[in-house]
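The values are calculated or read from the model by the stated rules, or taken from the named source; none is laboratory data. None of the values given here were measured: they were computed from a predicted structure. Because the Cβ atoms are built from the backbone with ideal geometry, glycine has one as well, and the counts that use them run over all protein chains shown.
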Amino acid sequence: MANEIVKAVAKKAKIPEAAAQIAVDTALNLLKTKLPPAMGSILDSFLSSGSSGAASKKGARKDDNPLEELSSIAGKLLGKK
């Protein structure tokens, strides 16, 4: 999943994947410092998986935006709909 996020950032920002990797790593590390430890573990698990499982349950297409999916999951974890 992390690789999909890097590719999406590179495409959206029109930057090389190497630069997108640095940006994504930086953002994720900052996010993990702001989250409770349990949520950081959930984020790590999500990123290391090939898919979140949530997308397949909803019948999401393979080309769905992984950033939107991550945002949706984060909103649900934080109690937002």
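Per-structure values
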| quantity | calculated |
| --- | --- |
| Cβ pairs under 8 Å, 6+ apart, first in region 16-41 and over 14 Å from GLU4 (Cα atoms), second among the charged types (D, E, K, R) | LYS32/ASP44; GLY40/LYS32 |
| Positions within region 30-64 being at pLDDT below 60, of a type in the set (A, V, I, L, M, F, W, C) and part of a helix (DSSP H, G or I), in sequence order | ALA54, ALA55 |
| Flag if SER72 is modelled with pLDDT of 70 or more, surrounded by fewer than 14 Cβ atoms within 10 Å (Cβ to Cβ) and of a type in the set (Ser, Thr, Tyr) | no |
